[in-house]
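K.L.:
Once you've had a glance at the structure underneath, I'll fire off some questions.
Nothing in this text is a laboratory measurement; each read-out follows from the coordinates by a stated rule. Quick caveat: nothing in here was measured; it's all calculated off a predicted structure. So basically every Cβ, Gly included, is an ideal-geometry build from the backbone, and we count neighbours across all protein chains shown.
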Amino acid sequence: MYDPCVYPASFSDTHGDGLRNIDGITANLDYLLGSAFLKAHRTIWAMIFQTINEIHRPFGTMDDVYRLIDELKRRRMNLVMDLVVVNHTSTHHSWFIDSALSKKPPNSWACLLDDTQSAWTYHSGTDEYYLSLFSLSQADINWENPRGGGVHEIARFWLEKGISGFRMDVINLISKDQKLFPDAEIVYSNKKYQPGDKYFANGARLFEYLQEIERLVFSKYDIRHPHGGRDAIP
């Protein structure tokens, strides 16, 4: 077991309905604790996608989360949630629905998961484009907008529930060059879209944003050290 991540949707079904759930994690804590990895780290990362204050219903309820946290603490284990929302959010979320970006794709940045596609997606409802580095259903959050503080609210909400910390997915992508949205340099002459990492990875305000969330949120709780995915922060 090289990675302590637990995916509720594929882990264990305790209700007999064919759907894996949070109770399935709780029922298997002793098994997880006995694994070679968790004997050393005693930390579980829970990949549970939800809104700010709700659990996706097929996985269970908030009471199931409370029970899981209690059982983890009884075993001196930790629960670290995946905070995917630091860089992007669902296009069904109110943050996206209420927003609007520029009128046309401002540059040649390529999508990170499919470099044959643009990192920008057209939204017919507003006749505008939004940045979607990973997927057209995942709109990048604009941290230059005061609403970026909504991430603080989400983190604070779950820490108040008793979890032990977060894996902050692709945290190094939250600061982007928004002055000119320059075209990426041509690396592949045979491709329409080019790698734009230079302009959206490890940006100028990254550490400012990290220090802010540390000062306003993390410093108020006894938590596990946050971890980020994708590229390492230099």
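K.L.:
Need the C-alpha centroid separation for the stretch 113-127 versus the stretch 168-190, integer Å.
P.N.:
If we compute the Cα centre of each part, the gap is 15 Å.
K.L.:
Also: Among Asp183, Asp115, Asp127, which comes first, second and so on when ranked by fewest other beta-carbon atoms within 10 Å?
P.N.:
On the way: Asp183 14, Asp115 17, Asp127 10.
Listed from fewest to most nearby Cβ atoms, that is Asp127, Asp183, Asp115.
K.L.:
Please list, in order along the stretch 207-212, the HN-Hα scalar couplings obtained from phi with the Karplus expression 6.51 cos²θ - 1.76 cosθ + 1.60 (θ = phi - 60°), rounded to whole Hz, x for Gly and Pro.
P.N.:
So the J values, rounded to whole Hz, are 5, 4, 5, 5, 5, 5.
K.L.:
Fewest to most neighbouring Cβ within 10 Å: what's the order for Thr26, Thr126?
P.N.:
Working: Thr26 19, Thr126 13.
Fewest-to-most Cβ neighbours within 10 Å comes out as Thr126, Thr26.
K.L.:
Within 10 Å of each residue's Cβ, count the other Cβ atoms and sort Ser118, Ser124 from fewest upward. Don't skip to the end; give the middle numbers.
P.N.:
Details: Ser118 20, Ser124 6.
Result, fewest neighbours first: Ser124, Ser118.
K.L.:
I'd like the Karplus ³J(HN,Hα) series for the stretch 56-62: coefficients 6.51, -1.76, 1.60, θ = phi - 60°, whole numbers in Hz, and an x wherever there's a Gly or Pro.
P.N.:
Values, residue by residue: 4, 3, x, 7, x, 10, 5 Hz.
K.L.:
Continuing with this model, one more query. At a Cα cut-off below 20 Å, give the aspartates and glutamates reachable from Lys192, other chains included and same-chain residues fewer than 8 away excluded.
P.N.:
Here the aspartates and glutamates satisfying the reach criterion relative to Lys192 are Asp114, Asp115, Asp183.
K.L.:
What distance in nm separates the two pseudo spin-label positions at Met62 and Asp177, each 7 Å out from Cα along the beta-carbon direction?
P.N.:
The answer from the label model is 4.4 nm.
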